[in-house]
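Encoded as structure tokens, the structure appears first; notes follow it.
The values are calculated or read from the model by the stated rules, or taken from the named source; none is laboratory data. Owing to the predicted nature of the structure, the values given are computational and were not obtained by experimental measurement. Reconstructed Cβ throughout: ideal geometry from the backbone, glycine too, with neighbour counts over all protein chains shown. With ligands, DNA and RNA removed, areas are computed over all heavy atoms of the protein, side chains included. Shrake-Rupley method; radii C 1.70, N 1.55, O 1.52, S 1.80 Å.
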Amino acid sequence: MKRQTILLVFFGLVFAMQALAQQHAIVQGICSNEYGKAVENVSVYVRDSQLIAITDENGCFSYTHAKAGDQLRFAHMAYEPVFYTIREEDLNGKPVDITIKTKSHELHEAEVTANAPHIAFDNPVMSILDYVICDDGIYMLAYRRKNSTLLHLSFDMDTLHELKISSEYKNVFKDFYGFVHVISADKACQVGFSGFSEGKKREMYLFPPISLSRFYELYGPIITASDSVVITGRYAFYGLEQYYYCVTPTADTMYLLHHIVDEERRDDLIYMLQSKAGPDKFTLYMLSIYPKLNYIFNPIFGIGNKFYLFAYTDCETLVFDAVGNELERHPLTFHMLKKWNGKMEPDKRWKKKMMADEARKEFYSYFVNDGLYTLMHIDLETGTASPIMDLSGYPFAEMMRVHNGTLYFLYPTGVNRRQALYQVRIE
């Protein structure tokens with residue numbers, strides 16, 4: 001009888017634990033916009049009114065008391081609301097992907113005052129997909145229904161060349177030599193010109209395509225270059241270590257330029273992996289599905305035959321000559337914020353983005369608060385940054401670039417959600 005009582009108690013505990021697990025089922029996911037970029041500060045509601053989560057800087061959210069059939073509402077001032085009904089397979093399973101679309105904006109063109117952004121290029125029947133800035137002008141992909149056009153514009157926005165191309169090409173890319181390529185889901189083509197006439201490039205055309213895998217083999221590892229070496233890079237240990245190498249053009253010599261590691265996070269991850277309780281399976285799963293969520297950010301730029309390495313992990317900027325010899329070292333602190341306990345931590349408004357004005361050898365970043373951008377100019381010697389432009393009228397501006405003292409970005413215009421190119425002079 002005693003044995004039966006023990007068994008009944010045991011099975012009762014098992015059933016109770018299962019019931020508790022069902023009550024505390026977890027739904028996790030990532031919220032992105034229509035361009036695949038994570039969206040921060042999206043409010044997540046259940047039963048339309050109860051706030052359960054706010055997405056973090058990586059667009060991630062978690063609901064710990066989820067039940068199948070619950071309806072979630074995702075809301076943000078710059079996006080259309082989205083509803084999602086939880087399914088059985090979402091409970092303690094693969095993270096769900098939520099896509100929210102930017103609200104339509106009717107922007108009226110007015111006289112430019114106080115150095116406000118204004119439309120640089122807009123076509124009433126076409127939307128800009130992507131663009132790059134080169135020494136000889138701006139190259140952009142524009143989309144119209146089922147057709148795409150590659151445009152080459154001057155900095156005065158005159159159309160220098162135009163080429164009808166397949167709509168399968170969605171991106172334009174400038175390699176480390178300055179050549180332009182258009183890229184589809186499975187191939188890439190370099191942009192060329194038939195020759196020169198009276199000092200001007202003649203007809204624009206595309207070279208024969210190569211596979212995307214071959215394109216990445218040729219250009220993927222190379223980040224920037226000088227007259228003497230090219231710089232390659234790689235990540236290690238779940239993105240918490242970063243290596244930069246100098247490679248001679250003949251590829252017969254390679255040597256380490258710099259190694260950066262986030263020691264604190266690396267040690268924490270090593271401890272978790274070696275823990276007697278075993279690694280956190282969800283953390284490992286997220287690292288395998290979304291590996292770049294964990295990557296450290298330390299970009300390098302090649303300008304004027306020098307390399308500028310912004311080692312944000314180590315809070316310093318390093319300047320190297322054309323062959324990788326260190327010339328200067330400066331502090332880098334604008335991205336850090338002092339907490340109430342005195343500890344320095346990355347400012348959450350900083351989104352790990354940088355822009356280089358190659359024409360002026362200047363560097364910029366930006367803070368984002370609820371989708372509103374503040375452009376920051378980085379002082380190379382002091383490592384501080386000063387706000388120089390408020391883009392609060394343009395929430396979630398896309399693809400910001402800086403060239404010769406001018407900021408460019410894409411933003412929806414009109415009621416049909418097409419994207420135009422905007423520009424504004426940086427004071």
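Every helix of 4 or more DSSP H residues in the chain counts as -39500 (n - 2.57), and over all residues that averages to -4000 deg cm²/dmol at 222 nm. In this simple spin-label approximation, residue 147 and residue 101 carry label points 7 Å from Cα along the Cα→Cβ vector, and these lie 2.5 nm apart.
A probe of 1.4 angstrom, applied to the heavy atoms of all protein chains, finds residue 211 with accessible area near 50 square angstrom. Surface calculation, 1.4 Å probe, protein heavy atoms: residue 418 sits at approximately 40 Å² accessible.
Within the accessible area of region 122-163, the carbon and sulfur atoms contribute 45%, probe 1.4 Å, all protein chains present. Only protein atoms count toward the accessible area here, which uses a 1.4 Å probe; on region 303-377, the carbon and sulfur part of that area reaches 48 percent. For region 31-99, chymotrypsin sites (Phe, Trp or Tyr not before Pro) are listed when DSSP marks them as loop and at most 16 other Cβ atoms sit within 10 Å of their Cβ; the list is 35. What is the calculated FRET efficiency for residue 71 to residue 361, with r their C-beta to C-beta distance and R₀ = 41 Å, to the nearest 0.05? According to the calculation, E is roughly 0.20.
Ordering 33, 371, 99 by the projection of their Cα atoms onto the charge dipole of the chain, which places +1 on the Cβ of Lys and Arg and -1 on the Cβ of Asp and Glu, puts 99 at the extreme positive end. Look at the dipole of the chain built from charges on Cβ: of 305, 224, 78, the Cα furthest out on the positive end belongs to 78. Once both labels are positioned 7 Å from their Cα atoms along Cα-to-Cβ, the gap between residue 158 and residue 62 label points is 5.8 nm. Work out the FRET efficiency for residue 88 and residue 205 from their Cβ-Cβ distance, taking R0 = 35 Å, and round it to the nearest 0.05. With R0 = 35 Å, the Cβ-Cβ based efficiency is 0.05. Once the Cβ-Cβ distance of residue 167 and residue 329 is raised to the sixth power relative to R0 = 60 Å, the FRET efficiency obtained is 0.80.
Average accessible surface for the chain: 55 Å² per residue, computed with a 1.4 Å probe over protein heavy atoms with every protein chain in place.
Simple spin-label estimate for residue 219 and residue 43 gives 4.3 nm between the two label positions (7 Å along the Cα-to-Cβ direction from each Cα). Computing mean projected area of the Cα convex hull in nm² for the structure here picks out one of [x] 26.4; [y] 28.2; [z] 19.0, namely [y]. Relative to the longest principal axis of the Cα atoms of the chain, the long axis of helix 2-23 makes an angle of roughly 30 degrees.
Need the C-alpha centroid separation for region 30-50 versus region 315-342, integer Å. If we compute the Cα centre of each part, the gap is 34 Å. Taking Cα atoms, how many degrees apart are the long axis of helix 263-274 and the longest axis of the chain, rounded to 10 and kept between 0 and 90? Value to nearest ten degrees: 40. Restricting the trypsin sites (Lys or Arg not before Pro) of region 166-272 to loop positions (DSSP other than H, G, I, E, B) with no more than 15 neighbouring Cβ atoms within 10 Å leaves 170, 202.
The GluC sites (Glu not before Pro) found in region 199-265 that occupy coil by DSSP, while having at most 16 further C-beta atoms within 10 Å, are 203. The residues packed around residue 403, meaning those with a beta-carbon under 10 Å from its beta-carbon, carry a net charge of -1 if Lys and Arg are +1 and Asp and Glu are -1. For region 121-193, a/c is not less than 1.5, where a ≥ b ≥ c are the root eigenvalues of the C-alpha gyration tensor, and a/b does not top b/c. That puts it in the oblate class.
About its Cα centre, the chain has a charge dipole of approximately 1580 debye under the convention of +1 per Lys or Arg Cβ and -1 per Asp or Glu Cβ, with nothing else charged. Size of the dipole of region 338-427 about the Cα centre, Lys and Arg at +1 and Asp and Glu at -1 on the beta carbon, nothing else charged, in debye to 20? Using only the charged Cβ atoms, the result is roughly 360 debye.
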